[in-house]
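These notes are about the structure you will find just below.
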Amino acid sequence: MARRNDHTREELVNMTLEQVKNFLNEHPHHELSLRKVAAMIGYVPSTLVNVFGNYNLLLLHAVAQTLDELSQEAQACLADAQSPEQALRNLAYCYLDFAIAHPYRWQLIFQHTMNGEDLPEWQSDRINNMTGMLEALIGQVSSNMNEDEVLETSRVIWAGVHGITLLTVDDKLFTSTPVDGKAFIDNLLDTYLNKWKQ
């Protein structure tokens with residue numbers, strides 16, 4: 001076993017999160033444990049508790065890393081758009097594509113719970129960044145909505161895209177023919193876009 005002073009705290013954080021990321025590329029998070037993560041990096045579990053606070057916060061850091069990657073990909077997708085409408089579609093496609101490419105990491109975002117603890121501000125900021133992208137686009141596409149209407153509409157659209165994504169990733173759309181999640185997203189967004197044009 002490595003000793004605590006073999007690596008700096010920052011090195012331990014990076015090593016740990018890299019191992020968790022690699023694990024989640026192949027396996028769901030419920031197959032992971034504090035003991036297993038510690039063994040992966042050659043430390044004892046108590047070292048990870050000293051670094052992260054507890055196993056729950058360790059997983060939350062892994063979620064934050066995933067959200068950062070999703071945010072970077074989303075920003076790149078938005079940069080390619082020629083209009084707010086296209087940007088909205090690109091953002092939804094990006095969400096679906098990311099979940100398909102990283103299903104276990106994406107699932108952890110929504111399956112992780114704080115077990116009664118408050119969500120740290122650094123994580124709330126990440127969530128607000130992602131939802132803020134969607135709200136900004138909806139405000140641009142439909143400029144006659146007030147702030148409350150933009151917020152509500154953004155959550156309805158996100159819930160629809162999330163549901164399509166979840167059922168696509170889990171292969172639970174129950175159709176006899178192959179289903180393209182992006183076609184479902186188009187159906188959802190076209191309904192809104194057509195309504196806003198009226």
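The values are calculated or read from the model by the stated rules, or taken from the named source; none is laboratory data. In this text the structure is predicted, and so the values were computed from the model without any measurement. Neighbour counts run over all protein chains shown; Cβ positions are idealised from the backbone, glycine included. Accessible surface is based on the protein model in full, side chains and every heavy atom, while ligands, DNA and RNA are left aside. Shrake-Rupley method; radii C 1.70, N 1.55, O 1.52, S 1.80 Å.
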HN-Hα J couplings of region 109-115 from phi, Karplus 6.51/-1.76/1.60, θ = phi - 60°, integer Hz, Gly and Pro as x? 3, 9, 8, 6, 10, 8, 6
When ligands, DNA and RNA are left out and all protein chains stay put, how many square angstrom of accessible area per residue does the chain have with a 1.4 Å probe? 55
Residue-count net charge about E149 - beta-carbon cut-off 15 Å; Lys, Arg +1, Asp, Glu -1: -2
Distance between region 119-141 and region 148-173 - C-alpha centres, whole angstrom: 15
Of (i) 15.9, 44; (ii) 19.4, 66; (iii) 18.0, 60, the label for Rg and Dmax of the Cα atoms in Å derived from the coordinates: (ii)
Which of the aspartates and glutamates could a cross-linker bridge to K172, judged by Cα under 14 Å and excluding same-chain residues fewer than eight apart? D180
Would you mind telling me the share, in percent, of accessible area of the chain contributed by carbon and sulfur at probe 1.4 angstrom? 50
How large are Rg and Dmax for region 152-198 when calculated on the C-alpha trace, in angstrom? 11.8, 36
